[in-house]
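Here it is, the structure in full.
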Amino acid sequence: MKKIILASASPRRKQLLEQAEIDFEVVVSETDESFPSDLPIPEVPMHIALQKAKAVANLVEANTIIIAADTIVVVDDEIIGKPKDENDAIAILQKLNGKTHRVITSVCIVKDGKEILITDTTLVTFHQLSVEQLTHYVQHYKPYDKAGAYAIQEWIGVVGIKKIDGCFYNVMGLPVSKVLAHLS
């Protein structure tokens, strides 16, 4: 079997591949995560995932499978990134509070010199939470490395998520079953 590289520093993506019992290594390269301003929203994570895959492809052997991913959160046609600090995290969660938003993850798999792009979208609906609850979450879980300022597998997912329509693991950052289908 070919060597598999996860081109991501995300502990959640690493955890999901481990749970799927995939033998892989992590190789990360600093990547510019900017995108053209006229790029349609659903194409943004594709663009970034492709850039991450290309950056790591330059660091590994040619006959290697590379898995790179990017996740964005979209509410009211606005891409919500990672929070800068505590106040920004609370402000982001207030934007999501009581609403439905989209979590879009794109995965770029480089295999046999070909780039395969997979995109999955999950709709997530939050309950209406109090400012105290949002502040509690941010102060205790420090979601500063997460698009949308939350992790569904943490306290806020248990308390704050009213429903999801789509893949739970996509919200964590990797639509694992779709990735496995393309790897096999």
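Matching residues to (1) of a type outside the set (G, A, S); (2) crowded, with 23+ Cβ neighbours inside 10 Å:
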{"position": "D145", "(1), (2)": "yes, no"}
{"position": "G148", "(1), (2)": "no, yes"}
{"position": "G160", "(1), (2)": "no, yes"}
{"position": "N170", "(1), (2)": "yes, yes"}
{"position": "G173", "(1), (2)": "no, yes"}
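Looking at A62, A69 in this structure, which one is of a type in the set (A, V, I, L, M, F, W, C) and modelled with pLDDT under 95?
A62
Looking at (1) hydrophobic (A, V, I, L, M, F, W, C); (2) over 16 Å from S106 (Cα atoms); (3) in a helix (DSSP H, G or I), which is the one condition that is false for L59?
(3)
Which one of these is assigned to a strand (DSSP E or B) and either more than 21 Å from I41 (Cα to Cα) or not β-branched (V, I, T) (or both): L129, L123, L174?
L123
Yes/no per residue for (1) of a type in the set (A, V, I, L, M); (2) farther than 16 Å from I5 by Cβ:
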site	(1), (2)
I48	yes, yes
K52	no, no
L59	yes, no
V74	yes, yes
G98	no, yes
I116	yes, no
Q139	no, yes
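Which one is farthest from K114 (Cα to Cα), of the residues in region 132-184 that are among the small types (G, A, S) and under 17 Å from the mean Cα position of the chain (by Cα)? Spell out how you get there, then give the answer.
Restricting attention to region 132-184, the residues satisfying the condition of being among the small types (G, A, S) are 147-149, 151, 157, 160, 166, 173, 177, 181, 184.
Those left that are additionally under 17 Å from the mean Cα position of the chain (by Cα): 147-149, 151, 157, 166, 173, 177.
Numbers: A147: 28, G148: 31, A149: 33, A151: 32, G157: 36, G166: 27, G173: 22, S177: 20 Å.
The selected residue is G157.
The values are calculated or read from the model by the stated rules, or taken from the named source; none is laboratory data. Please read all numbers here as calculations on a predicted model, not as lab measurements. We place every Cβ from the backbone using ideal geometry, glycine too, and count neighbours over all the protein chains shown.
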